[in-house]
Every structure is written in structure tokens, then in C-alpha cells.
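Chemist: Would you mind keeping the following structure in view while I ask a few things?
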Amino acid sequence: YQRLKWQLIVFLARRLPPCNLMVPLMSEARERPLTTREKITLKLHLFTCEACRRYVAQIEKMSQMVKPA
């Protein structure tokens, strides 16, 4: 199962946009509704990229910290 999971991750990572193109989309997702295609692409990218998952978590944490009480 683990081997199949890693094969899927590698397969997707080679076909999805790179991180430098996905980061602006991650920020935009907080400001506007994404299209269905953008949502799917972003979810698949986050499935394959731990660095971007951490980035999204940091964005969410910072957003919560600056939210008015």
C-alpha cells in the first residue's frame, strides 16, 4: 500500500504545476472562491507536497492571529 501511495504521489507531482505557481493560488483561495479546476489542482498539489501543506497551515495560523476579537 505504501509503495502504491508513493508511486501515485510521484506520478502526480510530475504532472501538476510547481510550487511557485501554486503559492499565489493558495493565497487567492483565502480571498475568492476557486474554480472547480483550481480546487482540484490545489488539493492534488497539497496531497503531493508537504512543504506547501506547511505553508497553508502557516497562512491559516497567521490569519487567525490577526483576526479581530
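We did not get these values from a lab; they are worked out from the coordinates using the rules stated. Since the structure is predicted, the reported quantities are computational estimates derived from the model, not experimental observations. As a convention, Cβ positions derive from the backbone with ideal geometry for all residues, glycine included, and neighbour counts pool all protein chains shown.
Chemist: Can you give me the relative contact order of the chain as a percent, contacts being Cα pairs under 8 Å and 6 or more apart?
Modeler: 37
Chemist: To continue, here is another question. If packing is taken as the mean number of other Cβ atoms within 10 Å per residue, what is the order of 40-47, 55-62, highest first?
Modeler: The peptides rank, most packed first, as 40-47, 55-62.
Chemist: Calculate the dipole size of the chain relative to its Cα centre from +1 charges on Lys and Arg beta carbons and -1 charges on Asp and Glu beta carbons; express the result in debye to the nearest 20.
Modeler: So the magnitude is around 240 debye.
Chemist: Okay, moving on. Could you pull the Cα extents of the stretch 3-52 along its three principal axes, largest to smallest, in whole Å?
Modeler: For the stretch 3-52, the Cα spread along each principal axis is 37, 20, 15 Å.
Chemist: Follow-up. Rounded to the nearest 500, what is the 222 nm mean residue ellipticity of the chain from helices alone, with -39500 (n - 2.57) per DSSP H run of 4+ residues and division by all residues?
Modeler: Theoretical 222 nm ellipticity from helices: -25000 deg cm²/dmol.
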